Amino acid sequence: MAGARTPSTPSDGRGSAHSTAGSAGTDDDLLAVRAAEGDEDAFAVLVQRHAPAMIRLATTLLGTPSEAEDAVQDAFISVWRRLPEFQRRSSFGTWMYRIVTNRCLNMLRARRPAAPLDAAGDIAAAEHTTSPARIAEARDAVRGLRDALDLLSPEQRACWVLRELEGHSYDFVADTVGISQDAVRARVFRARRCLTQALGAWR
């Protein structure tokens, strides 16, 4: 990550990162404490451990891998700088989800990009490779879902993605987005209703 001392992968050799990563019982919070004390290898393990899930989340929210990578990179830089503030009131993973989600929400509010469904399109196409007509139909459906997701507010999209695609509990989503469980349920309900109405032609 340019401009920051945040290593993206554990160091080679016999450094502490490899020994830490190899310990099955190693706790994220302990690594965070070490990183807050300046242990870059400990932070590198956290990056390696959490980056794939964060990239997946950011890509789903923002629409393109390049934007997702920028968002996650910024989030990890922010985490590195804010580690002394980590109070362990929630897990490090939840804290990371919150920072990445908030970063994505700010980008959504500013640009409102289309939702990323390229992967879904690939899956649909793969299932119907013997029929060009079905491939075209699947691609049209993917575009329809992308357009439907674009109708959601950034907050509705974040709650829906975390709940419906990531499979997290309402409590987790509420903690991540920083709203009440009732507010999460309301946003997910409205998102489902909006998507159902927008995608009626594909049901």
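May I ask you to say which residue of Arg14, Arg56, Arg5 is at pLDDT 90 or above and either of a type outside the set (Phe, Trp, Tyr) or closer than 16 Å to Gly93 by Cβ (or both)?
Numbers: Arg14 fails: at pLDDT 90 or above; Arg5 fails: at pLDDT 90 or above.
So the residue among Arg14, Arg56, Arg5 that is at pLDDT 90 or above and either of a type outside the set (Phe, Trp, Tyr) or closer than 16 Å to Gly93 by Cβ (or both) is Arg56.
In this structure, does Thr101 turn out to be in a helix (DSSP H, G or I), at pLDDT below 90 and hydroxyl-bearing (Ser, Thr, Tyr)? Full working, then the answer.
On the way: in a helix (DSSP H, G or I): yes; at pLDDT below 90: no; hydroxyl-bearing (Ser, Thr, Tyr): yes.
No: the conditions fail for Thr101.
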**OP:** For Ser90, indicate whether it is part of a helix (DSSP H, G or I) and either out of contact with any helix residue (DSSP H, G or I) (no Cβ under 6 Å at 6 or more places or on another chain) or at pLDDT below 90 (or both).
**Re:** no
**OP:** Residues being part of a helix (DSSP H, G or I), closer than 14 Å to Leu105 by Cα and either open to solvent by 10 Å² or more (accessible area, probe 1.4 Å) or β-branched (Val, Ile, Thr) (or both): count how many of those fall in segment 45-79.
**Re:** 6
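The values are calculated or read from the model by the stated rules, or taken from the named source; none is laboratory data. The structure displayed is predicted, hence computed values, not measured ones. Methodologically, a virtual Cβ is constructed for each residue, glycine included, from the backbone with ideal geometry; neighbour enumeration extends over all protein chains shown. Remember, those area values only see protein heavy atoms, side chains included, never the ligands or the DNA or RNA. Shrake-Rupley method; radii C 1.70, N 1.55, O 1.52, S 1.80 Å.
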